[in-house]
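The values are calculated or read from the model by the stated rules, or taken from the named source; none is laboratory data. Only a predicted model underlies this, so the values are computations on that prediction, with no experimental measurement involved. Cβ sites come from the backbone with ideal geometry, for glycine too, and all protein chains shown count toward neighbours.
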Amino acid sequence: MVTDRAPDSLPILSRGKHRSARKGACFMEMASVLANEPWSDRPSCTHPLLAGLARLVNDNTSDQNRGELAVLIPSVVGLRGGGLAWTVDLTSAVALQAIPDVPEASQRALAAGLIRCEQLAASLGPEMVTETDVIREALDRVPGAVAWARKYAAGSTVTAKQFAKRSAPSVMRCAVRGLVVSATADPEARLRELLRVGIATAERLEFRTAGLRSSSASSGRTGSTALLRGAGPMTAPTPGCQVERAQPAAR
C-alpha cells in the first residue's frame, strides 16, 4: 500500500550508491533498512525491475525535491513480484504512463517496448496481462513511433529471459529519461507520479498473484479430497505387509 508517512530516523535521500548510511542513502538503500536487510541499493525485498525504477527516479530528481520521494519508500518493501506476466504488466504500466509526454526518440523506444509487451501478452493467453486493450489504444496514438519500432524490430521476437533482462529495464530507463527532458511543466512531479504508478501496479499484481496461489492451493486440496472420496473405504494393511512411507525429497 502506498503510504503518506515518511520513515523516521533515516539519512537524507541523495543520488547514487552509498557505502554506509553516514554517506547518505538512496531510495532503495533506505528500503533495505526498513526491510531489516543488509545495506544495499538492490535489496531482495523488492522486485529488481521496480527497484530499478525507484533508483532511476531517485537519481534523476533534484536534491531540492528528492525528499518528497521518502513517503513512498515503505511501499516497495515486500513487492517481490514473480513471473513473466507480472513483469509485462509492470513494464507496460510504466511505458503507458510516460509515452504521451516524452520526446519522439523516447516515444520510439517505449513503443518498441509496448509492442514486445503486446506480443508476450498474446503468448501468455487471455487475461494473464491486464492492460492489453490500453496498450493497443496507446500505440494507435503514436503511429510514427510504432512504424519506426516495427521497422527496427524487423519481425524479430524476444524470449521471456531477454525481455526481463534487457527490454523491461530499457523501458524503465527510457520512461524516466524521456520525462526528464520532456516539455512538461514539472518533470520531477511527473517522475514521482511515474514511480507511484509503478508501485500501485506492483501492489495490484501482488494481490492478484496471491489470489492465484490461493486458488491453486484450494483446487489442489479439492482434487485430493475428491480422489480420496472416489477411492472407497481405507482398509488395514494385510498382515505381514508394510505400508511404505514416502521419503522427503532431497534438497
Condition met for residue 171 (of a type in the set (Val, Ile, Thr), modelled with pLDDT of 95 or more, within 13 Å of residue 102 (Cα to Cα) and in a helix (DSSP H, G or I)): yes
Some residue of the range 177-188 being modelled with pLDDT of 95 or more, more than 30 Å from residue 71 (Cβ to Cβ), in a helix (DSSP H, G or I) and of a type outside the set (Phe, Trp, Tyr): no
Condition check for residue 108: out of contact with any Ser or Thr (no Cβ under 8 Å at 6 or more places or on another chain), under 16 Å from residue 170 (Cβ atoms) and basic (Lys, Arg): yes
Matching residues, the range 103-145, being within 14 Å of residue 87 (Cβ to Cβ) and β-branched (Val, Ile, Thr): 129, 130
Tally, over the range 42-74, of residues that are of a type in the set (Gly, Ala, Ser), assigned to a helix (DSSP H, G or I) and surrounded by fewer than 22 Cβ atoms within 10 Å (Cβ to Cβ): 3
Residue list for the range 174-193, filter: surrounded by fewer than 16 Cβ atoms within 10 Å (Cβ to Cβ) and not hydrophobic (A, V, I, L, M, F, W, C): 184, 186, 193
Residue ranges of helices (runs of 4 or more DSSP H) in the range 86-156 with at least 2 members in the same structural domain as residue 174 (by TED's automatic domain parsing), among the charged types (D, E, K, R) and surrounded by 14 or more Cβ atoms within 10 Å (Cβ to Cβ): 104-124
